[in-house]
1. Go over the candidates Leu240, Leu245 one by one and state the one that is touching a Cys at 6+ places or on another chain (Cβ under 7 Å), of a type outside the set (Phe, Trp, Tyr), in the same structural domain as Val152 (by TED's automatic domain parsing) and within 21 Å of Thr275 (Cβ to Cβ).
2. Looking only at segment 57-101, count every residue that is in a helix (DSSP H, G or I), of a type outside the set (A, V, I, L, M) and either surrounded by 19 or more Cβ atoms within 10 Å (Cβ to Cβ) or not assigned by TED's automatic domain parsing to the domain that holds Phe128 (or both) and tell me the total.
3. Across segment 262-293, what is the number of residues that are touching an Asp or Glu at 6+ places or on another chain (Cβ under 6 Å) and within 16 Å of the ligand (Cβ to nearest atom)?
4. Considering only residues of segment 27-42 that are in a helix (DSSP H, G or I) and in contact (Cβ under 8 Å) with a residue 60 or more places away in the chain, which is nearest to Ile295 (Cα to Cα)?
5. Would you confirm, using the coordinates I've provided, whether Ala239 is more than 16 Å from the ligand (Cβ to nearest atom) and of a type outside the set (Ser, Thr, Tyr)?
6. If you go through segment 197-209 one residue at a time, how many are out of contact with any strand residue (DSSP E or B) (no Cβ under 7 Å at 6 or more places or on another chain) and surrounded by fewer than 22 Cβ atoms within 10 Å (Cβ to Cβ)?
7. With a cut-off of at least 1 residues that are over 30 Å from Glu50 (Cβ atoms) and out of contact with any helix residue (DSSP H, G or I) (no Cβ under 6 Å at 6 or more places or on another chain), name the strands (runs of 3 or more DSSP E) lying wholly within segment 255-351.
8. Which of (1) of a type outside the set (A, V, I, L, M); (2) within 14 Å of the ligand (Cβ to nearest atom); (3) surrounded by 22 or more Cβ atoms within 10 Å (Cβ to Cβ) is the odd one out, the single condition Pro259 does not satisfy?
Amino acid sequence: MRLPGTMRVNHLGHLEIGGCDTVELARQFGTPLYVLDEALIRRQCRKYREAFVRHGLRGEVIYAGKALLNKAVCRIIAQEGLSLDVVSGGELYTAIAAGFPPERIYFHGNNKSEEELRQGLDCGVHRFVVDSLYELHLLNNLAAEAGKVAGVYLRITPGVEAHTHTYIRTGQRDSKFGFDLVGSVALEATKQALALPHINLVGFHCHIGSQIFDVESFKVATEVMLDFAASVWRETGFALRELDLGGGMGIRHVASDRPLEPEQFVAALADAVRTGVRRHGLPEPKILIEPGRSIVGEAGTTLYTVGAIKDVPGIRTYVAVDGGMYENPRVALYQAEYTAVVANRVHAPADRVVSVAGKCCESGDMLIWDLRVPELQPGDVLAMLSTGAYTYSMAGNYNRMPRPAMVLVREGQADLIVRRETYADLVRYDVLPERLAAPEHLADQRAIE
Ligand SMILES: Cc1ncc(COP(=O)(O)O)c(C=O)c1O
């Protein structure tokens, strides 16, 4: 199996990431544990930026914080010169708390509240990606109150839907996001944006899907967006200055996945942009992309300790670990596929097939179906690969499970960047009203018994 980033097997036969023995990490920090390979995150950031330079694309790489956001990740992204996309007041707060420069923040979201828009205006985010006419007018009013002009992209639904290896061009209107190209909805929104005094329309945005492996869908989306920009130019005289083509570049979760290298993706995009602007005689806009998963996905590994093992003869062996859907809901939510290795004996012959179960009270709480492994014992450390994106960021406390810790590893050093939740954390926000806290309530219970 190909091990991503700085992963290797050390002289003890243990999995090592960033020069740290994962068996030792599990012992020191406990499990489940998210482990992040810092060098791999930085390498991905650089690959995207270097590809922009190589292809002479004027633009920016914006990290999509929804994939994984905390203060340490914000710092790495800032140091690598990427911008940041946030989709909520909470993500914006995290970025600002980490010292991320607001002039490199792009604020997304299909239903930003008045409070969130104010927060964005107050801290001076660079662009608002506006999703509806309601938001457009609300933002104009709030910017007027604040004596500001908001820099805006309109989110367009380009009618290109990508599904991993394929795409369909649907003219599809059934999406909760953005302005429809069909029926001049997007054109009308553009006209309204241009007329509002506290809105500075700078460009358009689109995002066509996730875990995409082919360049064709991105090329078609670019073509559709430039066709739209050209029609807007003819109708209104507005010349597109910035075009944000979203994220969605796939990663390797299992051996059969064949992700694009950032270089291939940016090369295809540069080609599609140049072809489009030449065809329409448009000035070349600044190009922005928003990779999330492909920056952090393969850099993440989750360590688990094996517990109960249940064999259903002739059917399946369930190996339960100490995590599950509360810290990685992607399998239950999207039937996402992962692979894993036994961290404490990576090279042991994988001569059986088991399914890895979580510990939540749901039959659907499975992490991996049909994984090839050596014989497992309670206490083994299982390392699930490529879990950096949409796991911690989607985690919750189902069954009152405390969320795991996260460590950042690099050159033999492991630093805690998110501490493990405690049981005390779980009840921190519970409030007992006076009438339930009173001792006579307990007496009432006894009376019923
Ligand atoms: C608007 C937008 N941009 C960027 C992304 C990041 O996508 P990915 O993590 O697949 O690169 C998403 C993901 O849903 C998104 O909705």
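1. Leu245
2. Going through segment 57-101 one residue at a time, the tally reaches 5.
3. Of the residues in segment 262-293, 2 are touching an Asp or Glu at 6+ places or on another chain (Cβ under 6 Å) and within 16 Å of the ligand (Cβ to nearest atom).
4. Among those residues, the one meeting the criterion is Ile41.
5. For Ala239, the condition - more than 16 Å from the ligand (Cβ to nearest atom) and of a type outside the set (Ser, Thr, Tyr) - is met.
6. Qualifying residue count for the region: 1.
7. Filter on segment 255-351 gives 300-312, 316-321, 340-342.
8. That leaves (3) as the condition not met.
The values are calculated or read from the model by the stated rules, or taken from the named source; none is laboratory data. For clarity, every value in this text was computed on a predicted model and none was experimentally measured. Cβ atoms come from the backbone with ideal geometry, glycine included; neighbour counts cover every protein chain shown.
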